[in-house]
Structure formats: C-alpha cells, structure tokens
Amino acid sequence: MTAQNIEDRDYFTDEEILNEPREYFRHCLARSPVYAVPGRDYLMVTGFQECIEVVRNPRDFSSIFCFSPYGAGLPLPFEPEGDDISEQIEACRTPDDLLVSYDGDFHSANRAILNRLFTPSRLKANEAFMYEQAGSLLTGLVSRGSCEVINDFALPFATGVIADLLGIPDGDRELFMEVIAASPPIGSKVDPDDVKTLVPHFGYMSDFFERYIRDRRANPAPDVLHELATATYPDGSTPELMEIVKLAMFMFVGGRGSSSKFLATCLYFLADLPDVQQQLRKNGKLIPAFIEEVLRLQGTTKATFRLARRNTTIGNVEVPAGTKVVVAFEAANRDPQQWDNPDEFQLNRPGVRQHVAFGRGTHTCAGAPLARMEAGVVIGRFLEHCSGVTLDPKVHGEPGNRIMQFESSYIARGLQGVHLLLSP
C-alpha cells in the first residue's frame, strides 16, 4: 500500500485492509486524526483524543449503524435534511437492532440491566469454574505437546464460561457452536446487493433463548438467564420479551466470540515474547499489566461507527448532520501523540489502562471485567502447566518474521489460527 493510492482504497471492502488495517490507519493518521477519505462518504477518526471525543458524545453522534441491516459501510437509507436528523435516524430503527446500536434513554435502560449482571461478586463466584475448565482442557493438550489455540482451547473455554454463567443447557451449546462456526465473521466485507443482519445465527438461536427466558420466568434458577428473565428497567417497567432475548443472545455471542479471540491473542503474545513470558513466570503479579498492553496493541475491536445526528465538530473539523464516522480504536491505541513507541510491547507501560480496546463512554464493553478475569486465569494456568509456550515455527515462521492470518472483518480483530508447542 502506498501513500499515493490510499484514496483508491475503501476500508469496508478492500480485502487487504480488512485482513490487516494498520498501514491504512497509519496513512490516515499521518494526514489528519479526523480524515475525510477522498471519494468516500465517511470520516476516518484515528487520533486517540478524537476517538474519545466522539464516543463520549452520544448527544451529537448516534450508534444506530454499529449493528444494522443497513451497515456502516453502505449508503444512508435516507437523504439527511436539516441541521438535526434525529427523527430521520429513529425512523430507521428495525427489530434487528441490538444494544450497541441503541441511543439515549432506551440504551441507558437496557444497559442498566446488563450492568447489574457483571458484578465483582458474580465474577468471583465463577472464577473457580474458569480455573477448573482451563486446567481440564490443558491437561490433554500438554500431554500432546501442541495445540491450535482457538479451536482446541479458546473457543471451548470461552463457550463453557459464558454458557455456565448464563445457564445454557450442555446439549444446546454444541448446536450453537456449530451454527456460529458456519456463519461468516461479524463485519465481513460490505456487499450493497446483500443487505442483511450482521449476525445471521441470531435468527437460529432466537427460539432457543426465548424458550430459556420463558422457562426462567416460570421456574427460577440460580443463573444469569433467570436474572435477565425477571429484570425490570430502572423506572420499574418490564422490558418486552424480545429485548431480553436479544440481550441474552448478545451476551452469549460476545462472551464466546470476543473472549476467545482475545484469549488467543494473549497466548500469541505470551509465546512470541519469551523474555516477557519469563518475567510473568517469576512474578505473576505482572499478568494484569501484560493483559492491558495486549489489549492496547491488539484488542478485539478494530473500529466502531457513529452517525452525526446534528451539525457538530470533532476536534477542529466541522461535521455536518448525516456524516458517517469510523472510530478506529486500533489506530487510537497506537497514536504516537498518546503513546511513546506505540508499536512496541512494553510491560508496565505508563497509563496503559487509558487504552480504548473496550471503548469509552456509555457504550463501554459491559463484558470487559469478564474478559480480563478469563485472560488472567488462562495465562496463569498455561504458565502452571507448561515449562515453555512457543509458537510453532513450521506454521508461523521464525521470530521477527512471523506469519499470522487474521479474520476478514471491518469490525472485529481476531487471529485465524495460533499453533503452539507446549513443554510439560
């Protein structure tokens, strides 16, 4: 990719960018932290402070196209009229909208339900299950001496944890894993002739989750699905059944998919940085700092999306109502104005928790505490079970010249395979 041809590249459809966007992000940031890509109908926001400015301003920026049949990379389904298009935006709402697409009071009410579920006490109670689950999976892998992390460990582990937390029956877990595995990655290349939901497997799972919620309302159980089934909004009103069903499915898919991606990324860095691995073996208290630096360098979300609902600004750039905005979290987390040597892994980097891997503001990832706890448990268990964790050079090449493949997605950041050699 050259500086001269950037105006010919489209973030949403270019396969090279979908697989590896960093060079594209660097080109955009070098021009402006708020860059109007020539020939495109969106702003690319790559600056750290500018990204935070957007996501902390739900008054001026709508989240409607984060998950939508229209998609952030497709033309608007209406012609913006006037200085405030809030009414036009709300007219585009569909039954497929999810929590991450909600705005205003409706978002706050649904988010309040979710926030009550990821409490420190609940996560602490689930930690013992995580510990046993990780150990059980690792025993066979270590005796074998190798594994492909995503399929052999991360997906079974993350699925088991979120399914146990929710209370999903064992038999259904396998069905869901098969259906999700057969679906394209969330945020695959935009096709203007094929407008559909970003999560096609939701349609399959909907009947299952509706049955779970109805059952929990009739037969209480000590799990999150029961708490969801009986939840009320802060004003005391009862959510519609399908809102609870969508929340439950969103938790399961996010807890399974995003968590497994991040676990695989953590283990990749652990294997690729032997000096850091040794430091963690000597001092387990450094594991949280390791996790935060991995999140900064390679979180599971490349970008989120906003639509300007009224005339506003980002930094000193004027943004008319109806402007689509790509908020590039991965670029912001490597902004040299915010981080010294931003592409370098630094254990105990000053201020590392300021990263935006989990977003910021009202749409900060509700599952962030769960993801951090899972990563801490998993890294600790790998270090306990293995005297050495290394990348398989036959698959990934030698240090300094690694071969890694990523999912083709304009939303998610995830490795397609991590092959490890495990020494007992």
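Residues in the stretch 165-218 that are surrounded by 15 or more Cβ atoms within 10 Å (Cβ to Cβ), modelled with pLDDT of 80 or more and outside any helix (DSSP H, G or I): 167, 168.
Whether any residue in the stretch 307-316 is of a type in the set (Lys, Arg) and more than 25 Å from the chain's Cα centre (by Cα) is what I want to check. Yes - at least one qualifying residue is present in the stretch 307-316. Evaluating residue 95 against the criteria (1) under 20 Å from the mean Cα position of the chain (by Cα); (2) over 26 Å from residue 315 (Cα atoms) leaves one unmet condition, (1). Checked against the criterion of being hydrophobic (A, V, I, L, M, F, W, C) and part of a loop (DSSP other than H, G, I, E, B), the candidates 264, 221 yield just one match: 221. Which members of the stretch 201-224 meet the condition of being among the aliphatic types (A, V, I, L, M) and more than 22 Å from the chain's Cα centre (by Cα)? Listed by number, the residues that qualify are 213, 218, 221.
The criterion of at least 3 residues that are touching a residue at least 60 places away in the same chain (Cβ under 8 Å) and closer than 30 Å to residue 388 by Cα is met by the following helices (runs of 4 or more DSSP H) wholly inside the stretch 67-160: 120-144.
Among 351, 367, which is the only one that is at pLDDT below 95 and either over 20 Å from residue 258 (Cβ atoms) or touching a Gly at 6+ places or on another chain (Cβ under 8 Å) (or both)? After ruling out the rest, the residue left standing is 367.
Scanning the stretch 374-417 for residues that are of a type outside the set (Gly, Ala, Ser), modelled with pLDDT of 95 or more and more than 20 Å from residue 151 (Cα to Cα) yields a total of 1.
Do the conditions hold for residue 12, that is, is it without any contact (Cβ under 8 Å) to a residue 60 or more places away in the chain, in a loop (DSSP other than H, G, I, E, B) and aromatic (Phe, Trp, Tyr)? No; evaluated as a whole, the condition is false for this residue.
Within the set 390, 362, the sole residue that is touching a Lys or Arg at 6+ places or on another chain (Cβ under 9 Å), among the polar types (S, T, N, Q) and under 26 Å from residue 161 (Cα atoms) turns out to be 362.
The values are calculated or read from the model by the stated rules, or taken from the named source; none is laboratory data. Values in this document were obtained by computation on a predicted structure and should not be read as measured data. Note that we place each Cβ from the backbone using ideal geometry, even for glycine, and neighbour counts take in every protein chain shown.
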